[in-house]
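The values are calculated or read from the model by the stated rules, or taken from the named source; none is laboratory data. Keep in mind it's a predicted model, so treat the numbers as computed, not measured. Cβ sites come from the backbone with ideal geometry, for glycine too, and all protein chains shown count toward neighbours.
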Amino acid sequence: MALPNLTLILIQMKFYNAFLCAVVLTVIYSCSMQKKQQAAGTQGIKGNITLSEGNMMPGPDKKEGLKKGVQRTVYIYSVATASQAVGEAPLYQSVKTKLVAKVESDSTGFYQCDLKPGRYSVLTKEKSGQFFSGLSNDNAELSPVEVLENAMIVYDILINYNAVY
């Protein structure tokens with residue numbers, strides 16, 4: 001009767017050893033993945049750029065206009081107001097504040113840029129050569145975004161100057 005109990009104990013020990021190894025490996029793997037994600041950018045902005053064109057009004061038997069992710073160059077300036085840009089909303093010929101960064105989105109419209117904490121204006125450069133800013137706040141800041149310490153801010157851009165709503 002002592003032999004079957006010894007076999008059961010050995011089987012249980014193997015199970016616990018295997019379980020302990022699995023837990024240790026899971027912890028090691030998750031820590032290495034966190035480091036890789038941090039290295040890929042933990043502070044700045046990221047988002048998707050979507051182009052909306054045509055008649056976007058809903059209605060029976062109406063075809064919805066075009067709405068798709070697009071490649072654009074994203075220009076990130078020190079926060080700028082409308083009076084610090086040349087042109088009329090939503091398209092500008094130039095922005096007079098400091099250019100902080102410039103990044104390309106991919107063919108689906110995804111972009112990402114590491115930035116220091118601070119306030120920025122985020123504009124796209126259109127095929128016409130003009131800069132697009134579809135948003136402003138109460139202070140007339142163009143497409144404003146605030147980057148916080150150790151935060152990746154999601155800032156999606158909807159290019160809609162050729163859309164009808």
Subject >> Positions within segment 59-112 being part of a strand (DSSP E or B), out of contact with any Asp or Glu (no Cβ under 9 Å at 6 or more places or on another chain) and under 16 Å from Gly134 (Cα atoms), in sequence order >> reply: Tyr75, Ile76, Tyr77, Ala85, Val86, Gly87, Glu88, Tyr92, Gln93, Ser94, Val95
Subject >> Residues that are farther than 21 Å from Tyr155 by Cβ, in contact with a strand residue (DSSP E or B) (Cβ under 7 Å, 6 or more places away or on another chain) and either among the small types (Gly, Ala, Ser) or crowded, with 17+ Cβ neighbours inside 10 Å (or both), drawn from segment 44-97 >> reply: Gly54, Gly65, Gly87, Ser94
Original post:
Can Val100 be described as under 24 Å from Gln43 (Cα atoms) and either crowded, with 19+ Cβ neighbours inside 10 Å or among the polar types (S, T, N, Q) (or both)?
Top reply: no
**OP:** Tell me which residues, restricted to segment 49-83, are of a type in the set (A, V, I, L, M) and either over 24 Å from Val145 (Cα atoms) or touching a residue at least 60 places away in the same chain (Cβ under 8 Å) (or both).
**Re:** Ile49, Leu51, Met56, Met57, Leu66, Val70, Val74, Val79, Ala80, Ala82
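Condition first: over 13 Å from Glu126 (Cα atoms) and among the aliphatic types (A, V, I, L, M). Now tell me which residues in segment 148-165 satisfy that.
Leu148, Ala151, Met152, Ile153, Val154, Ala163, Val164
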Original post:
Of the residues that sit in segment 110-151 and are among the small types (Gly, Ala, Ser) and crowded, with 20+ Cβ neighbours inside 10 Å, which one is nearest to Glu88 (Cα to Cα)?
Top reply: Ser133
Subject >> Scope segment 113-154; condition part of a loop (DSSP other than H, G, I, E, B), closer than 24 Å to Gln43 by Cβ and in contact with a Phe, Trp or Tyr (Cβ under 9 Å, 6 or more places away or on another chain); matching residues >> reply: Ser133, Ser143
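Test Ser105 against the stated conditions and say whether it is over 16 Å from the mean Cα position of the chain (by Cα) and either within 17 Å of Arg72 (Cα to Cα) or not assigned by TED's automatic domain parsing to the domain that holds Gly54 (or both). Explain how you work it out, then say what you get.
Numbers: over 16 Å from the mean Cα position of the chain (by Cα): no; either within 17 Å of Arg72 (Cα to Cα) or not assigned by TED's automatic domain parsing to the domain that holds Gly54 (or both): yes.
It is false that Ser105 is over 16 Å from the mean Cα position of the chain (by Cα) and either within 17 Å of Arg72 (Cα to Cα) or not assigned by TED's automatic domain parsing to the domain that holds Gly54 (or both).
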